[in-house]
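Have a look at the structure below, then the notes.
The values are calculated or read from the model by the stated rules, or taken from the named source; none is laboratory data. Quantities reported herein were computed from a predicted structural model and do not represent experimental measurements. Note that each Cβ is placed from the backbone with ideal geometry, even for glycine, and that neighbours are counted across all protein chains shown.
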Amino acid sequence: MGTTEQTWELRLYIAGKTPKSVSALSNLKKYCEEHLHGKYKIEVIDLLEKPQLAEGDQIFAVPTLVRKVPVPIRKIIGDLSNEEKVLVGLNIISVKSSVDVK
Amino acid sequence: MTKKINKLQDQKKAGLLPKSRTGINGLDEITEGGLPVGRPTLICGSAGCGKTLMSIEFIVRGALIYNEPGVFMAFEEKADELAVNVASLGFDLNQLIEDKLIRIDHVHIERSEIEETGEYDLEGLFIRLGYAIDSIGAKRVVLDTIENLFAGLDNQTVLRSEIRRLFQWLKEKGVTAIITGERGDNSLTRQGLEEYVSDCVILLENRISNQISTRLLRIVKYRGSVHGTNEYPFLIDEDGISVLPVTSLQLDSAVSTESISSGIASLDTMLGGAGFYKGSSILISGTAGTGKTSIASSFANANCLDGKKCIYFAFEESPHQIIRNMRSIGIDLNNHIKSGLLEFHASRPTLHGLEMHLVAIHKNIKRFKPDIVVLDPVTNLITVGSVSEVKSMLIRLVDYLQNEGITVMFTALSLNNTFNEQTDEGISSLVDAWLLIRDIESNGERNRGLYVMKSRGMGHSNQIREFIIADEGLELVDVYLGPDGVLVGSAREAHILREQTGQALHGQAVSRKDREISRKRKLLEAKIAGLQTEFESVEEELNKVYLEEELKHKIQEDNRREMIEKRKSIKAKK
């Protein structure tokens, strides 16, 4: 699978340092370290600072995680507390399983 | 006393809720000034009833008329789709966006692209909206339709509390907001939430009765303000939304004592000389084919000739038909159309609902500003509504026209029975003047009799006049009151003829007698002449004797004198 070679570009939209955004960020970091070690890039955007960016990625809920690369764009909203859902949502499970098969 | 009242009013005014005018025709009248400033208003209704249009009109008119920039947050349509949709109303959305008067933010929610996991809130939406508002200094906000959030997201509890928070947040922002919502099964909205958190709720409906759909608007609630509570019909056309202006509940319209000719000189005489009052309403009722349209046309014609403006709403015939037909009685309406004094609006009653007709009539009157309005015939409207609906519509129309000082003439078809005459769509009590044309059937022919049933505020004739439609126009003729009662039509003609014959015969007799007399005189004169001659001859006879006697006497005298002379000479000789 070609996607394995790619760097994952993830963008996390938050609005201030709320408990939800803090836990979302820590959860995300944890999952990425576990499943995408070294192949990911996380960009955190605080909408309180850059509100003009909300429209571009069609953000309406926070926290929202956007997978920019690989395409297609996928979005996960919430504090990312459910690991399985996040992995399915980002399509990471398949990556992991393909690694396992190797 | 008045000072006291003024004071009270001032006090009231001071505490009044500030309102933001929508700029939508008629809506500001119903809401008595517009939507509540700085508060959210819900516009709800089922699909296709005009929610989005009404809200975008609120934004656009706000920007154009009241110089209040607005944000339109669309959950359904994209900005360019919206621009195309409102372009048909003559709004250039893209230009307004460029001028920073309007900002459109399309929120795209695609369920398949979104996963939900754990806690979240809609702060992103708030920030986005807040940014949009701040970027153009918006005073007005529309969220269309917020329910799409529910379709895209699963966590209902979060959504409900967030929407509640959104309403609160909008209030804090101080923007006048419109939120649109789909109509639910048993509640005003699907979620049964927005109507409680909004300060004003407007319900739009599309009702179909007799296969004719009517758009209706009703204000369900309006916190802190009085408002009209009825259902008001509204119309969407090339000028946007127009809500039907409300019936003014007061009966305080100014009246005029000016008169306006009916177009038939003899009818004016029946009405006391000058015709109808300006700004009054006139009803002409009659059975089929009694010449109602002719009277109406002649009324329009006469006033157009006077330079007044007239609108003719025809519900039965096409303008061309009327123009052609009226030409046959010497009325040329085409001239007035060309000179712009007369306007025809013909539509089938079934074209749209009753209220739509009223809105259409209103719009045309507002635009054209006529002195005279003709509706021919109002009875046809019954095909799209019940008698009471037609009546209420006409009441509102008459009311409006009276306020504007416009004279209106209705024609109404009455059925051929006497009971019905009193209730021509129940408007006979409403109008100021009522002319009734009736068929008078006798001697195997039908004639038209016209009489003035009522004419408020002017002495009018109580006589029936025979109404004659001739090539030269309309005419009222005094019916013939003979020894056998009222005579009309050919019976009248026959009677007049009989009288003429009688007169001729009488004349003949008179002249014969005259001749007789002159003959007698001649005879007598002849006799007198004869006697005269006789007398002359007798006189002459008598004269002759007399002369002879005198002659004889003279001769005798001469003879005697001669004798004496002779005797003297003899004596002398001696």
(message) List the residue pairs whose Cβ atoms are under 7 Å apart, where the first residue sits in segment A:49-66 and is under 16 Å from B:GLY118 (Cα atoms) and at the interface with another protein chain (Cβ under 9 Å from one of its Cβ atoms), the second is among the aromatic types (Phe, Trp, Tyr) and outside any strand (DSSP E or B), and the two are 6 or more positions apart or on different chains.
(response) A:ALA61/B:TYR120; A:VAL62/B:TYR120; A:PRO63/B:TYR120
(message) Suppose we keep only residues that are at pLDDT 80 or above and closer than 15 Å to B:HIS357 by Cα within segment B:221-252. Which one would you say is surrounded by the fewest Cβ atoms within 10 Å (Cβ to Cβ)?
(response) B:ILE236
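Scanning segment A:31-41 for residues that are in a helix (DSSP H, G or I) and under 11 Å from the mean Cα position of the chain (by Cα), which turns out nearest to B:VAL158 (Cα to Cα)? Working first, answer last.
Initially, segment A:31-41 is screened for residues in a helix (DSSP H, G or I), giving A:31-35.
Applying the additional criterion that residues be under 11 Å from the mean Cα position of the chain (by Cα) yields A:31-32.
Numbers: A:TYR31: 25, A:CYS32: 28 Å.
Within segment A:31-41, the match that is nearest to B:VAL158 (Cα to Cα) is A:TYR31.
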(request) Assess whether B:LEU8 counts as being buried (at least 18 other Cβ atoms within 10 Å of the Cβ), modelled with pLDDT under 90 and assigned to a helix (DSSP H, G or I). (result) no
(request) Test A:LEU12 against the criterion of being surrounded by 14 or more Cβ atoms within 10 Å (Cβ to Cβ), at negative phi and either within 12 Å of chain B (Cβ to nearest Cβ) or at pLDDT 85 or above (or both), and give yes or no. (result) yes
(request) Select from segment B:367-380 the residues that are assigned to a helix (DSSP H, G or I), in contact with a helix residue (DSSP H, G or I) (Cβ under 9 Å, 6 or more places away or on another chain) and either surrounded by fewer than 21 Cβ atoms within 10 Å (Cβ to Cβ) or of a type in the set (Asp, Glu) (or both) and list them in ascending order. (result) B:ASN380
(message) I'm trying to understand the selection: among the residues of segment B:110-143, which are modelled with pLDDT under 85, more than 7 Å from every other protein chain (Cβ to nearest Cβ) and touching a helix residue (DSSP H, G or I) at 6+ places or on another chain (Cβ under 8 Å)?
(response) B:GLU110, B:ARG111
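Only residues that are more than 12 Å from the chain's Cα centre (by Cα), facing chain B (nearest Cβ under 9 Å) and either in a helix (DSSP H, G or I) or surrounded by fewer than 16 Cβ atoms within 10 Å (Cβ to Cβ) (or both): list them for segment A:67-83, please.
Taking segment A:67-83 and keeping what is more than 12 Å from the chain's Cα centre (by Cα), we get A:71-72, A:81-82.
Checking the rest, the ones that are also facing chain B (nearest Cβ under 9 Å) come to A:72, A:81-82.
Within segment A:67-83, A:PRO72, A:SER81 qualify.
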(message) Anything in segment B:33-51 that is in contact with a helix residue (DSSP H, G or I) (Cβ under 8 Å, 6 or more places away or on another chain) and surrounded by 21 or more Cβ atoms within 10 Å (Cβ to Cβ)? List them, or say none.
(response) B:GLY34, B:LEU35, B:ARG39, B:PRO40, B:LEU42, B:ILE43, B:CYS44, B:GLY45
(message) Given (1) in a helix (DSSP H, G or I); (2) in contact (Cβ under 8 Å) with a residue 60 or more places away in the chain, identify the lone condition not met by B:SER388.
(response) (2)
